[in-house]
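Bear in mind that the values in this text are calculations on the coordinates, not laboratory data. These numbers come from a predicted model, not from an experiment. Here the Cβ is made from the backbone with ideal geometry for all residues, glycine too, and neighbour counts use every protein chain on show.
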Ligand code: C5P
């Protein structure tokens, strides 16, 4: 399974995006970009579809629009967006089982439409072979987008979840319950905080993808995020993808920040300070973990290393 850093390109001007891409491509010519609401809607207002530009420059795109509406609307929207060649797309898990199931069906339907269209053209012997090959590569041979469910936003604390939203579960319990629902509906994974990665993997299996925002270096500002971890800690916890915005986009040296992030997340963690930090993190996590009839999370973990073993 791929393990990668996804950079949140939260800009509202095309110019800012282009400047950022120009700089970042010096660090990694094919880095993974996240297009969220800010960039998507500001582009829509100005007649600019950022996904096309980013894909044309050779990057993968996570289209983070966190869709939630009645099943039919979300189904049709995902089908339209998937046609534009995005690599990852998400919907709110609390939109419910039917909504998520229809999303999965719509992407399957899209690929079966592609197959029918291809067959039809292939049977037309006057259709140019080159153009046919092109269609094959652009549509049928392109991997399906990874479909994710957004569980509990990483900016949300336990108190907010209970008092404001009225959810009488801890974020951990709520994330695991929603992750199970996503899996049942056929999604490929979830967006959750690094805190919940091990619990989600425990409940849904190691190949169920976890994408984790809420990433901060030890020395960076928390901003509005509450359930956070460092890239190294997210690595040790077993995240498949981390989503990083401001620690990179607002850094004095974006290339340095990205390179550090990528190294910490994808390579073996040897830095003692990071290992100590991860051990403390794990202890806090153990304290938050509890058992009930519905789910049993994280067996007692003696130290961070046995935790890592468990994830492998
Ligand atoms: O700047 P920062 O690193 O906090 O950016 C995190 C990005 O991840 C933002 O674009 C935000 O919309 C997104 N995100 C999140 N929490 C989620 C899902 C997505 O922070 N649960």
Overall Cα dimensions of the stretch 51-203, principal axis frame, Å, largest first: 65, 32, 27
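Take every Cα-Cα pair in the stretch 44-140 and report what % of them are more than 23 Å apart.
Working: 1798 of 4656 pairs.
When all Cα pairs of the stretch 44-140 are counted, 39 percent exceed 23 Å.
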Compute a Gaussian network model of the chain, connecting alpha carbons closer than 10 Å, and tell me which residue from 34, 201, 184 fluctuates the most. 184
Listed residues 23, 14, 250, most fluctuating in the chain (Gaussian network, C-alpha, under 10 Å): 250
So how tilted is helix 97-123 from the main axis of the chain? Cα-based, degrees 0 to 90, rounded to 10. 30
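Dividing the convex hull volume of the Cα atoms of the stretch 1-74 by its residue count, what figure in Å³ per residue is obtained?
Details: hull volume 8.2 nm³, N = 74.
Hull volume over Cα atoms, normalised by residue count, gives 111 Å³.
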Rounded to two decimals, the Debye log10 I(q)/I(0) of the stretch 166-223 (Cα scatterers, no solvent) at q = 0.15, 0.31 Å⁻¹ is -0.46, -1.27
Just the number, please: percent antiparallel of the DSSP beta bridges in the chain, rounded to the nearest 5. 0
Could you state the angle between the C-alpha long axis of helix 254-266 and the longest principal axis of the C-alpha atoms of the chain, as a value from 0 to 90 degrees rounded to the nearest 10? 70
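Neighbour counts of other C-beta atoms within 10 Å: give me 54, 275, 6 arranged from fewest to most.
Details: 54 21, 275 17, 6 24.
The most exposed by this proxy come first: 275, 54, 6.
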When the Kirkwood hydrodynamic radius is evaluated over all pairs of different C-alpha atoms of the chain, what value in angstrom, to one decimal, is obtained? 20.6
Of the residues 30, 12, 123, which exhibits the maximal mean-square fluctuation in a Gaussian network model of the chain defined by a 10 Å Cα contact cut-off? 123
Cα axis of helix 14-27 to longest principal axis of the chain: angle in degrees, 0 to 90, nearest 10? 70
